[in-house]
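A quick write-up on the structure given underneath.
The values are calculated or read from the model by the stated rules, or taken from the named source; none is laboratory data. Just so it is clear, the model here is predicted, and its values are computed rather than measured. Methodologically, a virtual Cβ is constructed for each residue, glycine included, from the backbone with ideal geometry; neighbour enumeration extends over all protein chains shown. To get the accessible areas, we keep the full protein, side chains included, count just its heavy atoms, and leave off ligands, DNA and RNA. Shrake-Rupley method; radii C 1.70, N 1.55, O 1.52, S 1.80 Å.
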Amino acid sequence: MAEDFEARIAAAYAVDGKAVVLGRGVLDGTTHPGAVVQIPTAMCNRHGLIAGATGTGKTKTLQLMAEQLSALGVPVFAADLKGDLSGLSQAGQPNEHIDARTKDLGVEWQPAGRAVTFLSLGGLGAGVPVRAPVSSFGPQLLAKVMSSNETQSSSLSIVFRYADEAGLPLLDLADLKAVLQYLTSDEGKPELKALGGVSTQTAGVLLRSISELESQGGDAFFGEPEFEVADLLGVGADGVGQVSCLELPAVQDRPRLFSTFLMWLLAELFQNLPEVGDLDQPKLVFFFDEAHLLFEDASKEFVEQVAQTVRLIHSKGIGVFFVTQLPDDVPDDVLAQLGNRVQHALRAHTPRDAKALKAAVSTYPFTEDYELERDLTALGTGEAMVTILDEKGAPTPVVWTKLLAPSSLMAAVDAATLDAAAKASPLWAKYAVEVDRDSARELLAAKMAAAAAAAAPPAPNAAPAPAPAGGGVQVPKPPARTSAPGSGSGSRRSSSKDDGNVVTDYLRSREGRSMINTVVRGVFGMLKKR
């Protein structure tokens, strides 16, 4: 078997079209430069898994694939949890380890950086702010973020349905709280009966969860302008695909939040892109880092939704690679859709690790070249067991692969460089400043204020106020406010336009706001006290 290893692997991984080159095959500790291991670009929309223990090189594999896909004209989106991927924007620096690896692989190494668009969740950290209205996020994903049980999730769906039917835009968490408080008040309960009830206890739990989400910074990225997924699909005039890195170091202590936000992006791609069938290369490859966080404590319905999205999104020209530590971090229904496997070293230090190792071995094609249960624990850093789908859609033989070194910098860049790159992006002018229009909170406050004014008895001996010259009521308008990322204000409200409505203008004035606050405190005071 050793004599024909190089020829067998080269033939099994041969590609007629474009390909992402991963590395060279290894057998019995010897690297075979002719045993080229690569993934056909046309098969990258068949999804994949990059797995391995901490420190085995998963992030560098992601970096290697991202820079090659970009060079081939395929846009790439990647979540950058630790900041390591920011090095994609800078040329790599030669060192003795890279020299030794390239010599062993029989390849040349040329340092090169990529043009990278840096994104951030709502401006938390350096990057173009990515925001989404609460209504776009939806009750199921929001329930996943808040660790809601089945009853709470169902109640949240009722709140969303009411807001939709009543024409109350849910832009941020304050809007959601306002609708929930209104529906559980004496004034709102009659309107809730047609949809079903929400108990006071459940409402209280949801309100506390929303407040907790606000305190974790969730209010920063729920809002407008909503990020358009089409802005991830850019290809430059030079034919190079756009690389978008969502910078997450500022929110890495809130893993459930950003993992669910990544699922929102994936769902938006699925909903907004047309069917295209099989292409010579994907329209976008999406790297979903720390994928296990998405599925922790997830309901059966949620997992089914993710599996369906992954199953169908390849026909939209989107490839998804899940990056995680153990293969069984990903549910079977999702794992079954991942045809390209790059498995870095696994550890067997605990019973759970040993079980995961056996499960991983059972999912690989049979091979006489390796004893997988032993060799998966013996892989070095930057090495992986690989099997992919060839151009005919058939799985290739398993091969121990020594991976190429990325040509870009394998380290994080400083915050000043990130900030400068983000502000130089064409997307900065489009998304940097948060915009807020009248939404559920303002509309409900106005509704309650009007109801209170109609119910109030007329004041004795009240004389009508003289009308100003020219007719009509003239109320001075408050100045508009905007909030830019990084300003530190924490304000959720900025005024984008003035519709000229007399009642709305008054409600925005200092006197109007004072009256609204008084009414709202009276209506919701008991609930807030509880």
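Annotation for region 1-70: GluC sites (Glu not before Pro) lying in DSSP loop with at most 11 further Cβ atoms inside 10 Å of their Cβ are Glu3. Take the Cα radius of gyration of the chain and divide it by 2.2 N^0.38 Å, N being the number of residues; the result is 1.15.
Solvent-accessible surface of the chain, taken per residue with a 1.4 Å probe and all protein chains present: 45 Å².
Restricting region 117-223 to trypsin sites (Lys or Arg not before Pro) that sit in a DSSP loop and have at most 14 other Cβ atoms within 10 Å of their own Cβ leaves Lys193. The C-alpha atoms of the chain define a longest principal axis, and helix 351-362 lies at about 60 degrees to it. In the chain, what percent of the accessible surface is made up of carbon and sulfur (1.4 Å probe, ligands and nucleic acids excluded)? Roughly 53 percent of what the probe reaches on the chain is carbon or sulfur.
Amide H contacts of Leu22: Val37, Gln38, Ile39, each under 5 Å away and 5 or more positions distant or on a separate chain (H built 1.01 Å from N in the peptide plane; Pro and chain starts excluded). Every helix of 4 or more DSSP H residues in the chain counts as -39500 (n - 2.57), and over all residues that averages to -11500 deg cm²/dmol at 222 nm.
With contacts defined as alpha carbon pairs under 8 Å and 6 or more residues apart, what's the relative contact order of the chain in percent?
Reported as a whole number, the value is 25 percent.
Sequentially through region 368-376, phi angles give Karplus couplings (6.51, -1.76, 1.60; θ = phi - 60°) of 9, 7, 9, 9, 4, 5, 7, 6, 5 Hz, Gly and Pro residues having no value and appearing as x.
Among residues other than Trp109 with Cβ under 13 Å from its Cβ, the summed charge is -3 (Lys and Arg +1, Asp and Glu -1).
Couplings for region 35-52, taken from phi via the Karplus curve 6.51 cos²θ - 1.76 cosθ + 1.60 with θ = phi - 60°, read 8, 6, 10, 8, 10, x, 4, 5, 9, 6, 8, 8, 6, x, 10, 10, 10, x Hz in order; Gly and Pro are left as x. Taking the average, over residues, of other Cβ atoms within 10 Å as the packing measure, peptides 312-323, 95-106, 211-222 rank 312-323, 211-222, 95-106 from highest down.
Annotation: amide H-H contacts under 5 Å for Val130 (H modelled 1.01 Å from N, sequence separation of 5 or more, or interchain): Ser120, Leu121, Gly122, Gly123. When the pairs Lys283/Lys430; Lys82/Lys103; Lys58/Lys177; Lys300/Lys402; Lys18/Lys58; Lys58/Lys355 are compared against a 32 Å limit on Cα-Cα distance, Lys58/Lys177; Lys300/Lys402 fall above it. Relative to the longest principal axis of the C-alpha atoms of the chain, give the angle of the C-alpha long axis of helix 440-455, reported between 0 and 90° and rounded to the nearest 10°. With both axes taken from Cα atoms, the answer is about 10 degrees.
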